[in-house]
1. List pairs: first in segment 144-159 and assigned by TED's automatic domain parsing to the domain that holds ASN106 and closer than 30 Å to PHE242 by Cα, second hydroxyl-bearing (Ser, Thr, Tyr) and surrounded by fewer than 22 Cβ atoms within 10 Å (Cβ to Cβ), Cβ under 7 Å, 6+ apart or cross-chain?
2. Any idea which of LEU177, LEU149 is modelled with pLDDT under 95, within 18 Å of the chain's Cα centre (by Cα) and closer than 18 Å to GLU128 by Cα?
3. Mind telling me which of the residues LYS338, LYS262, LYS258, LYS301 ends up being farther than 30 Å from LEU211 by Cα and either modelled with pLDDT of 95 or more or part of a loop (DSSP other than H, G, I, E, B) (or both)?
4. Does GLU313 qualify as being in contact with a Gly (Cβ under 6 Å, 6 or more places away or on another chain) and either part of a strand (DSSP E or B) or surrounded by 14 or more Cβ atoms within 10 Å (Cβ to Cβ) (or both)?
5. Among the residues of segment 30-61, count how many are under 28 Å from the mean Cα position of the chain (by Cα), in a helix (DSSP H, G or I) and modelled with pLDDT of 85 or more.
6. Restricting attention to segment 227-255, report how many residues are in a strand (DSSP E or B) and closer than 17 Å to CYS201 by Cβ.
Amino acid sequence: MVDNCIIKLMKTKDRIIRLLKEKKKLSGTDIANILGISKQAVNKHLKSLIESGIIRKTGSTRNAKYFISNGHNKTPLKVKKLVKLDSTSEDKVFNEIKLLLNIRKNLIRNVFEIFHYAFTEILNNAIEHSRSDKCSINVELNDYNVSFLIRDFGIGIFHSIASKFSLNDESESLIELSKGKRTTKREKHTGEGIFFTSKSCDIMKIRSHNLILIFDNIKKDVFFSRKRYLKGTEIYFSIKRFSNKKIEDFFSEFAPEKFNYKFERTKVHIELLQKEYISRSEAKRLIVGLEKFKEIIFDFKGVEIIGQGFADEIFRVFKAEHPDIDLQMINITPEIEKIIKHIDKG
């Protein structure tokens, strides 16, 4: 038996390793109960130990068990490639990686389908839009996640959108990108690819020039920050290997049966660029392109204040011009709700 007095003096990771060496295989709940620490703390350390190859995981989230690695898979499976974009296709590259990592066997069906969709959509964007002659590809499969990073060396996705739609600044392209149906090549693309890919991930990061846009579906948040300059575009995508997400779930949410399975619903993360919106001109910039949808969800999470002119432009003028569009609001504060209700009664 493991001496509990000795265990309490050890670092948490070492305690977990020692416990698994004795017990052979345990669940996260078992480990938490034996060590007398929270399940959240255990999960944090288990993830780190898995990614370092010290322990492995078997089973789905609810039935997962952990055990010491036998040494055959101490490092994650990785593929690195540099491809010429003018002489390849997204399916060709994906099939090569699928064989190298045996991901059809190593991923459960729903995660494989999401990974296949996301990888080919993002690589196709690099081929069609980047104006780069090459891109680097990194794919990693560990016991916890499957991820890819695709980096081109072209004009940059935010610059491309800002130029196409005559925006004042590249940062304005962030919200345009998050709406969906915004593409710089309408003749070839619908603008849906990045939108649906961003909904399917656990984490997705789009970095270009001095900006990085992050979709965090674990925290249910979208935000951006400024980084050092990066030429071209770099997109990172990650999803848990045993995620219960299904590709049909996020399509049915934004392309539901009531819209004949067409992409007619979108969500606008208003706080993405700023926390205060006052003027009518800010509202006009926000609603550009939204007339293409039949249902718009305005997410006010994090927004501290809106002005009457801003509210009037969206919830009276835009609504009157497009009476068939259903405008919805979520995460509004009582103060913002009062302003919008005042506009409705005006």
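1. ASN145/SER238; SER147/TYR236; SER147/SER238; LEU149/TYR236; ARG151/SER136; ASP152/SER132
2. Working: LEU149 fails: modelled with pLDDT under 95.
Criteria check complete, one pass: LEU177.
3. Exactly one of LYS338, LYS262, LYS258, LYS301 is farther than 30 Å from LEU211 by Cα and either modelled with pLDDT of 95 or more or part of a loop (DSSP other than H, G, I, E, B) (or both), namely LYS262.
4. On the way: in contact with a Gly (Cβ under 6 Å, 6 or more places away or on another chain): no; either part of a strand (DSSP E or B) or surrounded by 14 or more Cβ atoms within 10 Å (Cβ to Cβ) (or both): yes.
Taking the combined requirement at face value, the residue does not satisfy it.
5. Here is the first cut: in segment 30-61, the residues under 28 Å from the mean Cα position of the chain (by Cα) are 38-61.
Applying the additional criterion that residues be in a helix (DSSP H, G or I) yields 39-51.
Imposing the further condition that a residue be modelled with pLDDT of 85 or more reduces the set to 39-46.
Total meeting the criteria: 8.
6. Within segment 227-255, the first condition is being in a strand (DSSP E or B), and the residues that meet it are 227-240.
Then drop every residue that is not closer than 17 Å to CYS201 by Cβ, which leaves 233-240.
Result for segment 227-255: 8.
The values are calculated or read from the model by the stated rules, or taken from the named source; none is laboratory data. These numbers were taken from a predicted model, which means no experiment stands behind them. Cβ atoms come from the backbone with ideal geometry, glycine included; neighbour counts cover every protein chain shown.
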